[in-house]
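Student: Here you go, one structure.
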Amino acid sequence: MTSMISRRTFAAAVASAALAIAAFGPASAGEAPKEVRIGYQKASVSIVARQSGQIEKRLKELGVENVKWVEFQFGPPMLEAIGAGAVDVGAVGDTPPVFAQAAGANVVYAAVSPASQHAILVRADSPVKSVADLKGKKVGIPKGSSAHNLVVQALAANGLAFSDIQPVYLTPADGVAAFARGSIDAFAVWDPFYALVELRQNGRPVAGLENLPPTNAFYLANGDFAKKHPEALQALLDEIRKITEWAGQNRDAVAEASQKATGIDPEGNRRAINRAEYSLRPLTGTEISNQQKVADAFYALGLIPRQITVRDIVWTPPQQRAAR
């Protein structure tokens with residue numbers, strides 16, 4: 001890590017800025033795993049968390065011998081790995097957990113944070129001005145991602161059905177390339193890809209997204225891991241919460257660390273970080289209700305094979321269970 005956020009400096013900053021650990025509280029006893037495997041995407045908090053060594057230090061105190069970081073380009077393949085037990089925990093947007101639960105994946109919601117900024121982008125010279133103008137257009141979408149939900153919500157809010165567009169399912173990287181070639185009319189994606197398309201390809205967000213409800217990102221854990229190792233999971237979330245709070249107060253340092261780790265255009269990287277929201281907390285009834293609405297919408301569209309009840313896979317931290 002750079003001198004701006006060396007492990008010693010980071011630890012001192014976290015110690016001075018951290019609030020009392022009330023969000024998750026003291027954990028109940030549980031056998032420590034020998035290794036914890038964390039899925040991550042190249043997003044700012046994940047990069048800082050990986051570089052800081054804080055999670056490794058905390059988990060080592062519990063007897064965890066190794067922390068392994070496993071990189072994914074976006075949420076759906078990460079949740080496949082978590083559900084299969086190849087990864088223990090990771091952060092994704094609001095839609096991958098819906099697809100995972102509908103497929104019977106062994107995953108649980110562990111914590112919630114604000115989602116990164118999203119947009120449906122078109123080229124600057126496109127005749128498409130608003131969501132309503134997307135009718136009949138080819139829209140690039142990372143399937144099963146939070147951008148997928150953005151498109152579903154945006155169309156419904158603007159009087160269109162999902163069948164009114166031509167969805168083109170692409171990974172984020174392939175979507176950026178397709179947008180540049182002009183083989184799609186619009187591209188739904190999140191930061192930092194959103195910022196890169198804005199700056200490198202003069203993309204602009206379409207109108208009609210302003211009044212959509214806020215979306216969330218979630219930390220999901222393998223169900224068996226959460227059941228067998230609640231203390232390790234809670235300790236990991238404690239550290240991520242402190243790192244997340246620190247990131248919100250030290251955006252320049254986060255941008256520097258992210259730039260060195262990703263090689264992403266510095267201006268785009270900084271734009272994404274500056275407009276991000278940084279917090280982490282347990283799920284409440286509000287987030288569960290919002291996720292249920294996402295699940296119900298995707299079922300109604302035939303995009304998931306069965307109805308699901310989101311609350312069924314929400315993990316309860318040990319001290320909350322003890323308080324009941």
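The values are calculated or read from the model by the stated rules, or taken from the named source; none is laboratory data. What you are looking at is a predicted structure, and each value in this text was computed from that prediction instead of being measured. In this analysis, Cβ positions are derived from the backbone assuming ideal geometry, glycine residues included, and neighbour counts consider all displayed protein chains. Side chains included, ligands, DNA and RNA excluded: accessible areas come from the protein's heavy atoms. Shrake-Rupley method; radii C 1.70, N 1.55, O 1.52, S 1.80 Å.
Student: Among ARG270, ARG306, which is the only one that is of a type in the set (Lys, Arg) and either surrounded by 15 or more Cβ atoms within 10 Å (Cβ to Cβ) or part of a helix (DSSP H, G or I) (or both)? Steps first, answer last, please.
Tutor: On the way: ARG306 fails: either surrounded by 15 or more Cβ atoms within 10 Å (Cβ to Cβ) or part of a helix (DSSP H, G or I) (or both).
Exactly one of ARG270, ARG306 is of a type in the set (Lys, Arg) and either surrounded by 15 or more Cβ atoms within 10 Å (Cβ to Cβ) or part of a helix (DSSP H, G or I) (or both), namely ARG270.
Student: Here's a follow-up. Return yes when GLY144 is in contact with a Ser or Thr (Cβ under 8 Å, 6 or more places away or on another chain) and either under 26 Å from PHE218 (Cβ atoms) or surrounded by 17 or more Cβ atoms within 10 Å (Cβ to Cβ) (or both) and no when it is not. Spell out how you get there, then give the answer.
Tutor: On the way: in contact with a Ser or Thr (Cβ under 8 Å, 6 or more places away or on another chain): yes; either under 26 Å from PHE218 (Cβ atoms) or surrounded by 17 or more Cβ atoms within 10 Å (Cβ to Cβ) (or both): yes.
The answer is yes for GLY144.
Student: Output the number of residues of segment 273-303 satisfying the condition of being part of a helix (DSSP H, G or I) and within 19 Å of LYS242 (Cα to Cα).
Tutor: Our first condition is that a residue be part of a helix (DSSP H, G or I); within segment 273-303, this holds for 273-274, 285-300.
In the following step, the residues that additionally are within 19 Å of LYS242 (Cα to Cα) were identified as 273-274.
The number of residues fulfilling the criteria is 2.
Student: Restricting the search to segment 117-150, which residues are farther than 15 Å from GLY75 by Cβ and in a helix (DSSP H, G or I)?
Tutor: Start the filter on segment 117-150 by keeping residues that are farther than 15 Å from GLY75 by Cβ, which leaves 117, 119-140.
The answer is VAL131, ALA132, ASP133, LEU134.
Student: Next question, about the same structure. Does LEU212 satisfy the criteria of being open to solvent by 30 Å² or more (accessible area, probe 1.4 Å), farther than 15 Å from ALA49 by Cα, more than 20 Å from the chain's Cα centre (by Cα) and not basic (Lys, Arg)? I'd like the intermediate steps shown before the answer.
Tutor: Values: open to solvent by 30 Å² or more (accessible area, probe 1.4 Å): yes; farther than 15 Å from ALA49 by Cα: yes; more than 20 Å from the chain's Cα centre (by Cα): no; not basic (Lys, Arg): yes.
Criteria not met by LEU212.
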